[in-house]
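Here is the structure we will look at, set down as C-alpha cells.
The values are calculated or read from the model by the stated rules, or taken from the named source; none is laboratory data. What you see is a predicted model; the values in this text were computed from it and never measured. FYI the Cβ positions are ideal-geometry reconstructions off the backbone, even for glycines, and counts take in every protein chain you see.
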Amino acid sequence: MNIGLFAGTIAFIVTTATGALNIQATTPPPEETVVEIPAETEEAPEPIKAPEKTPSKPVQIKKKLKLHITAYSSSEDETDDTPFITASGKTVVDGIIATNLFAFGTKARIPSLFGNKIFVIEDRMHHRFKNRIDIWMTSKEEALKFGKRLAEVEILE
C-alpha cells in the first residue's frame, strides 16, 4: 500500500493480489478551533484613567475678564518680517498668547475653550485691537477655523 498527499487530500493506492490498482481518496476533517468565551460578570471593570496633570503649586486666579478670543499663525501676512519670533523675543510655541492688555510673562487660562491649559503672554497685537487675546496656532487654516469667540479669561498670579 502506498500513501500520498495531494492538495490536502490523502490518497491510498492499494495493489490487489491480481495486480489491479484500487485508489481511495479522503479529505481530512478541518481542524477544529476552540474559542473560549469568558463567563459574563455582574459588573464591567472600571476603565483605567490617565492621571490628571496638576500644577506643582496651586493656581491662583488674579482676575477674570470676558474677552474676544481669536487665533493667528506665523504667516507673514499676519505678522511682521520675523513671523516665528514673538514681540518678547521668544520663538513661538504652543501656548503663546498675543495681547496688549497685560505684561509679557503673564499667565492665563481660558477654561471654556481649553480647560486647564495655561497660556503665556509673549506677543503683542496691532494697537487697533482692544479687549482681545490672540492665540498662536501652528497653521493659518487652524487659526481661521478657530474664528472669533467670546469667553471668560482667567489671569493667573
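In the set LEU150, LEU113, which member is exposed (fewer than 12 other Cβ atoms within 10 Å of the Cβ), in contact with a strand residue (DSSP E or B) (Cβ under 7 Å, 6 or more places away or on another chain) and outside any loop (DSSP other than H, G, I, E, B)?
Among LEU150, LEU113, only LEU150 is exposed (fewer than 12 other Cβ atoms within 10 Å of the Cβ), in contact with a strand residue (DSSP E or B) (Cβ under 7 Å, 6 or more places away or on another chain) and outside any loop (DSSP other than H, G, I, E, B).
Could you check how many residues of the range 116-146 are under 17 Å from ASP77 (Cα atoms), part of a loop (DSSP other than H, G, I, E, B) and touching a strand residue (DSSP E or B) at 6+ places or on another chain (Cβ under 9 Å)?
Adding up the residues that qualify gives 4.
Any residue at all in the range 73-83 that is in contact (Cβ under 8 Å) with a residue 12 or more places away in the chain, of a type in the set (D, E, K, R) and within 27 Å of GLN60 (Cβ to Cβ)?
no
Quick one: is LYS64 touching an Asp or Glu at 6+ places or on another chain (Cβ under 9 Å) and not in a loop (DSSP other than H, G, I, E, B)?
In short, yes.
Scan the range 64-77 and give yes if some residue there is within 24 Å of ILE110 (Cβ to Cβ) and modelled with pLDDT under 80, otherwise no.
Within the range 64-77, not a single residue is within 24 Å of ILE110 (Cβ to Cβ) and modelled with pLDDT under 80.
Scan the range 89-120 for residues that are out of contact with any Lys or Arg (no Cβ under 7 Å at 6 or more places or on another chain) and over 23 Å from LYS145 (Cβ atoms) and jot them down.
Residues satisfying the conditions are GLY89, LYS90, THR91, LEU101, PHE102, ALA103, PHE104, GLY105, THR106, LYS107.
Can you pull out the residues in the range 67-106 that are in a strand (DSSP E or B) and either among the hydrophobic types (A, V, I, L, M, F, W, C) or out of contact with any Asp or Glu (no Cβ under 8 Å at 6 or more places or on another chain) (or both)?
If the condition is that a residue be in a strand (DSSP E or B) and either among the hydrophobic types (A, V, I, L, M, F, W, C) or out of contact with any Asp or Glu (no Cβ under 8 Å at 6 or more places or on another chain) (or both), then LEU67, HIS68, ILE69, ALA71, ILE85, THR91, ILE96, ILE97, ALA98 are the ones that fit.
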